[in-house]
Amino acid sequence: MLDPDSVRQNDLRGGTSPWNQKRRQPVRPQVAESFRCEVLVVGAGITGSLAAEHLACLGHEVCVIDRQRPGLGSTTASTAMLLWEIDRSLTDLTGMYGFERAASIYRHSEAAVSGLIELVTTRGLACGMRPQHSLYLAAGESGPRELLAEHELRIRAGLPGDFLDHQGLLREFEIHREAALVSPGSADADPLLLSQALLAEAVRQKARLFDAEAVGYDSSGDAVIVVLDNNQVIEAKHVVLATGYVMPDILTSDLHKVVSSWAIATPPQEQGALWRDSALIWEASDSYSYLRTTVENRIIMGGEDDDNIVESEARDRLMPAKAKTILGKLKALWPKGEAMAEYIWSGAFGTTSDGLPLIGAVPGHPRIHAAYGYGGNGITYSYLASRMIAASIAGNNQPWFDDFAIDRDAPKTD
Ligand SMILES: Cc1cc2nc3c(=O)[nH]c(=O)nc-3n(C[C@H](O)[C@H](O)[C@H](O)COP(=O)(O)OP(=O)(O)OC[C@H]3O[C@@H](n4cnc5c(N)ncnc54)[C@H](O)[C@@H]3O)c2cc1C
């Protein structure tokens, strides 16, 4: 696990991602004296920004603190494929939790992406968001038969999508793989712009933003006392923990682990050199490669995850070698594209054993709400967390919230 006292944004990511760094940041005063507020959000990446925006819009008195610059943690390393398909297939999740529960989890994930698209559209947030289809390619042990079974299970769960066999995939997308599932309802975006636009919206809705570090939490009374690094305290009725892959000591879970991941972005591609509809592409295997495009016609490709590398220097040293491997895979999958890296970056990447996030009250601390969107659907889950936590604060907990609880009964990580 990452040490919350020593791990900073620079340790969470290396290299340079292609996201737009030009947006003006809101002013963040320091906390000069202790105060009270209704909801304190700790962390102002995409997760904290989504929570702050939603809670402020609902009329809560919201304060947000971040010890570094908002959005420049894991959020700026994200490839921001906003998929509703989960890292674990519906088949796998059914094996773990049974069909009804797995189907319900998938349907909430699908609703989260459509909610996020609607939010960005109705608020007019400038973040390059584009609704997209996704293409889930046969890979490794998941061949046509396994994909067809997954498709049939998804249809039974009321989820959209079609099965493409080898010929269909070649005809529709010019991609050589044994089979694929093509599904509507996903999206992509610039994660940094999205995060910062949401934070600006929260501030417009009267949320207050501070430059401060939370170093201790005491929830033994009727409110939560959050101790800051300068010894001031903020007393809040509710606290939302949105500190990304760096979790405070009050939260322990053996469901998650942090690994390393790498990504590249090519220069803008020639007209006609991208696949049909710029669909989001990923593979039906445990350690998968994934591809998307950007509004500038770049191809982003990522993957090559390594469970054994957590330390940031070791991770960043591997950037040239990992980029070479990723570019080789890009060439094989999409020979029409120019397989060159204009941007190369790396990041810590949190995963859970069942591919689901950690959302809900921290065990033993009912007023401290965790919002940890682990896995390849991190941002989808951040949206889900913002809605679930707002409902919990309003006293509207739903039975399905337990599927994402920190102390759920799930397979443990190695
Ligand atoms: C290479 C890579 C590719 C990814 N691809 C995708 C993808 O395609 N789709 C997807 O949905 N997700 C993806 N993810 C995951 C997604 O990016 C993350 O889930 C998401 O960015 C996490 O955002 P966050 O706001 O929770 O964390 P962060 O962005 O890290 O923000 C946390 C903030 O909390 C602050 N903080 C921490 N501790 C304290 C403290 N004690 N006091 C005050 N402030 C504190 C930090 O300074 C930081 O600003 C990817 C991640 C990586 C690394």
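The values are calculated or read from the model by the stated rules, or taken from the named source; none is laboratory data. All of these numbers come straight from a predicted model, not from anything done at the bench. No Cβ is skipped: glycine too gets one built from the backbone with ideal geometry, and neighbour counts run over all protein chains shown. The accessibility values were calculated without ligands, DNA or RNA, using every heavy atom of the protein model including side chains. Shrake-Rupley method; radii C 1.70, N 1.55, O 1.52, S 1.80 Å.
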| field | Probe 1.4 Å, all protein chains present, accessible-area order of Met129, Met340, Met96, Met247, largest first | value | Met340, Met96, Met129, Met247
| field | GNM result for the chain, Cα springs below 10 Å: residue of Asp254, Asp403, Asp190 fluctuating most strongly | value | Asp254
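At a Förster radius of 30 Å, what calculated FRET efficiency corresponds to the Cβ-Cβ distance of Ile155 and Asp286, to the nearest 0.05?
On the way: r = 24 Å, r/R0 = 0.81.
So the FRET efficiency works out to roughly 0.80.
Would you mind working out the magnitude of the charge dipole of the stretch 294-414 relative to its Cα centre, with +1 at each Lys and Arg C-beta and -1 at each Asp and Glu C-beta, to the nearest 20 Debye?
Values: 12 positive and 16 negative charges, 73 e Å.
The calculation lands at about 340 debye.
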| field | Order of exposure, largest accessible area first, which applies to Lys324, Lys257 with probe 1.4 Å | value | Lys324, Lys257
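Just the Kirkwood number for the chain, please: inverse of mean 1/r across all distinct Cα pairs, in Å, one decimal. Before the final figure, lay out the partial values.
Details: mean 1/r = 0.0463 Å⁻¹.
Evaluated on the chain, it is 21.6 Å.
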| Positive-pole candidate from Met340, Ala314, Ala394, dipole of the stretch 310-413, charges at beta carbon | Met340
| remark: Any lysines whose Cα falls less than 29 Å from that of Lys336, other than same-chain ones fewer than 8 residues away, would be Lys322, Lys324
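Using the structure shown, select from Lys22/Lys206; Lys206/Lys257; Lys22/Lys329 the pairs with a Cα to Cα distance greater than 30 angstrom. Could you put the intermediate results ahead of the total?
Working: Lys22/Lys206 23 Å; Lys206/Lys257 36 Å; Lys22/Lys329 32 Å.
Result: Lys206/Lys257; Lys22/Lys329 exceed 30 Å.
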| field | Local net charge near Asp402, Cβ-Cβ under 12 Å (Lys/Arg +1, Asp/Glu -1) | value | -1
| request: List the extent of the Cα atoms of the stretch 163-244 along each of their three principal axes, largest first, rounded to whole Å. | output: 64, 30, 21
| task | Excluding Pro4 itself, calculate the net charge of residues whose Cβ lies under 11 Å from the Cβ of Pro4, where each Lys or Arg counts +1 and each Asp or Glu counts -1. | result | -2
| query | Ordering Arg177, Arg317 from largest to smallest accessible area (1.4 angstrom probe), what's the sequence? | reply | Arg317, Arg177
| query | Full extension from Gln398 to Ala321: what is 0.36 nm times the residue separation minus their Cα-Cα distance, to one decimal in nm? | reply | 23.1 nm
